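Notes for the one structure printed next.
Computed from the coordinates by the stated procedures, all read-outs in this text should not be read as laboratory data. Just so it is clear, the structure is predicted and the values come from calculations on it, not from any experiment. Note: ideal-geometry Cβ built from the backbone for every residue, glycine included; neighbour counts use all protein chains shown.
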Amino acid sequence: MNDAAARNFEYLAYGLIACWLILIGYVLTLVSRERRIRQQMESLQRMLEDKEGK
Amino acid sequence: MREKILYALGAVAALILVRNIHTMLTGLPDEAFQGAIFRIIFFHVPAAFTCFLCFFASLIAGISYLKTKDLKWDTVAVSTVEVGLAFGAANLITGMIWARIIWGIWWTWDWRLTSMLICWLLYGGYLVLRNAIEEPTERARLSAVMSILSFSVVPFVFFSIKWFRTQHPQPVLYGEGKMDSGYRAMLYGNWVPILMVAICLVAVRMMQEKRQREIDAMRRSAHAF
């Protein structure tokens with residue numbers, strides 16, 4: 001494989017990696033949002049229980 | 001149950017994508033003029049199609065919200081815009097990587113590239129606008145208007161290579177464009193799993209938005225008491 005072909009493959013690999021990184025990055029933001037929603041749900045539940053207790 | 005189906009769909013799509021990458025690297029020949037880097041088109045073009053499809057869905061959702069005032073349309077709009085932005089970013093970055101090899105530069109202020117970047121920034125602005133407004137109905141109304149206005153750039157991006165002199169390659173799937181049937185099959189074959197991934201992401205994001213809305217409403221009513 002000559003230099004130009006090797007460089008072509010190298011940049012193709014960058015492109016594929018970039019696509020997967022964007023996908024994984026967005027999935028990670030969804031996961032962190034999910035965690036935040038669960039925490040909010042729990043704190044809301046605790047708040048409602050406290051109010052009922054009073 | 002619905003969540004499990006979505007995760008299964010996402011996993012199947014990821015597997016198809018991995019298989020497609022293997023096929024495009026081992027089963028498809030290099031393009032005669034561009035060499036191996038041509039294969040980036042199998043992600044670059046489907047990412048653009050998916051991005052525009054998401055933005056079109058957000059346009060429909062925006063119009064539907066303004067008509068019905070039903071917040072479910074706002075949920076659809078924000079979810080599709082977010083996912084569309086992710087695929088738009090994939091489109092822009094793969095395009096830049098291709099350009100570095102074929103044109104020798106990462107970026108040029110060409111009609112297609114510039115209009116796509118403006119489109120992406122406009123939809124990015126949509127998300128910034130949403131975060132700046134607290135009141136849900138006001139946020140939904142202004143976001144709907146913003147999504148409708150932002151979509152006006154999409155036809156411009158799509159047809160810019162027809163309307164103006166541009167460095168960007170002419171379309172290969174429609175018009176006078178020609179593409180080898182093997183490449184064409186791979187392009188559409190890769191779009192299917194990419195679309196499946198997009199559907200999963202939109203559905204998951206919609207569920208999250210709905211739950212967030214319920215939490216906010218419950219919190220408001222809890223404070224009211």
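Filtering B:ILE40, B:ILE60, B:ILE5 for residues that are within 14 Å of chain A (Cβ to nearest Cβ) and either touching a residue at least 40 places away in the same chain (Cβ under 8 Å) or assigned to a helix (DSSP H, G or I) (or both) leaves a single hit, B:ILE40. Here is the figure for segment B:198-220: residues that are facing chain A (nearest Cβ under 10 Å) and free of Cβ contacts under 8 Å to residues at least 40 places away in the same chain total 7. Considering B:SER221, B:SER181, the condition of being over 23 Å from B:PRO169 (Cα atoms), of a type outside the set (Phe, Trp, Tyr) and surrounded by fewer than 16 Cβ atoms within 10 Å (Cβ to Cβ) is satisfied by B:SER221 alone.
When A:VAL31 is tested against (1) farther than 20 Å from B:ARG213 by Cβ; (2) among the aliphatic types (A, V, I, L, M); (3) more than 7 Å from every other protein chain (Cβ to nearest Cβ), just one condition goes unmet, and that condition is (1). Of all the residues in segment B:1-32, those that are out of contact with any Phe, Trp or Tyr (no Cβ under 8 Å at 6 or more places or on another chain) and either of a type in the set (S, T, N, Q) or under 18 Å from B:SER181 (Cβ atoms) (or both) number 5.
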